[in-house]
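Each remark here refers to the structure printed beneath this line.
The values are calculated or read from the model by the stated rules, or taken from the named source; none is laboratory data. None of these values were measured; they are calculated from a predicted model. No Cβ is skipped: glycine too gets one built from the backbone with ideal geometry, and neighbour counts run over all protein chains shown.
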Amino acid sequence: MTYFGQQRSLTLLKQKQGFTLLELLVALAIFAVIAVMAYSGLDTVLTARLQTDQHAAQLAQLQMAFTSLGRDIEQHIRRPIRDQYGDTQPTLQGTISQMEFTRAGWRNPAQQKRSSLQRVAYLIEDKTLWRSYWWVLDRAQDARPIRMDLLNEVNEIKLRYLDDSLQWHEQWPRLDLLNTIPDENANRSQTLKAIEVTLTVEGWGRITRLFRVPG
């Protein structure tokens, strides 16, 4: 075999041997960098997706809470009640942080033997907005409310009550109505025109809605 023939055979042999160790290490390093970048990008996308889903879920919960508040307030009706101690309570009573009132329009698709009127209450407890209601208006001593959590991560609720003179109050009935007799108090409660609800929610800040009171 000639010299040039031997050189060609050696060249072909080297080509058949594949990658050298250095080339293999470089290829592995490049692959590792690409894999890290791909994982980092995927992790960022998944984290953003999770945050978006959580944000959307809380937004839906927030909208449901205000829908529930609006539906109840806008169906408010003048019907005082007797509490579990036999004392008469006004059709609507509220402070800056909670309220309780009678509403109409309680649907009854199962045709249960109960009134279409309902006593409901709203308050914050353990950073959760709760809606409570009672099966009957005039309660027995063992009456217990049924509670439903509407919204989590609520730092504060602030309620204000607007009378027909366009004056805001942080308590209802107004202080000048508290000492009136029950019937008179029930009639004069028509002066309530609107309720302002302000919720301070984690991630959303302070949100205010104004609801008209019928009557």
Inset, instruction - Tally the residues that are closer than 12 Å to Thr91 by Cβ and either modelled with pLDDT under 55 or of a type in the set (Ser, Thr, Tyr) (or both), restricting the search to the range 163-188. - result: 6
Legend entry - Members of the range 122-136 that are hydrophobic (A, V, I, L, M, F, W, C), buried (at least 19 other Cβ atoms within 10 Å of the Cβ) and in contact with an Asp or Glu (Cβ under 9 Å, 6 or more places away or on another chain): Leu129
Inset, instruction - For Arg139, state whether it is surrounded by 17 or more Cβ atoms within 10 Å (Cβ to Cβ), touching a strand residue (DSSP E or B) at 6+ places or on another chain (Cβ under 8 Å) and at pLDDT 95 or above. - result: no
Inset, instruction - Output the residues belonging to the range 54-81 that are of a type in the set (Lys, Arg) and surrounded by 15 or more Cβ atoms within 10 Å (Cβ to Cβ). - result: Arg78, Arg79
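Residues are listed down the side, and each one gets a yes or a no for (1) touching a residue at least 60 places away in the same chain (Cβ under 8 Å); (2) closer than 19 Å to Arg209 by Cα; (3) not hydrophobic (A, V, I, L, M, F, W, C):
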{"residue": "Pro80", "(1), (2), (3)": "yes, no, yes"}
{"residue": "Thr88", "(1), (2), (3)": "yes, no, yes"}
{"residue": "Gln98", "(1), (2), (3)": "yes, yes, yes"}
{"residue": "Gln118", "(1), (2), (3)": "no, no, yes"}
{"residue": "Thr128", "(1), (2), (3)": "no, yes, yes"}
{"residue": "Trp135", "(1), (2), (3)": "no, no, no"}
Legend entry - strands (runs of 3 or more DSSP E) enclosed by the range 122-165 - at least 3 residues per element that are farther than 19 Å from Glu74 by Cα: 146-151, 154-163
Legend entry - Total residues in the range 104-113, condition more than 29 Å from the chain's Cα centre (by Cα) and aliphatic (A, V, I, L, M): 0
Legend entry - In the range 55-79, the residues that are more than 20 Å from Pro173 (Cα to Cα) and among the basic types (Lys, Arg): Arg71
Legend entry - Index of the failed condition, Glu156 passing every other in (1) surrounded by fewer than 16 Cβ atoms within 10 Å (Cβ to Cβ); (2) under 15 Å from Val213 (Cα atoms); (3) among the charged types (D, E, K, R); (4) modelled with pLDDT of 95 or more: (2)
Legend entry - Residues being within 47 Å of the chain's Cα centre (by Cα) and not in a helix (DSSP H, G or I) - total across the range 19-33: 0
Inset, instruction - Just name the residue that is surrounded by the fewest Cβ atoms within 10 Å (Cβ to Cβ) out of those in the range 92-121 that are assigned to a loop (DSSP other than H, G, I, E, B) and of a type in the set (Gly, Ala, Ser). - result: Ala110
Legend entry - Subset of the range 114-161 [of a type in the set (Ser, Thr, Tyr) and within 17 Å of the chain's Cα centre (by Cα)]: Tyr122, Thr128, Ser132
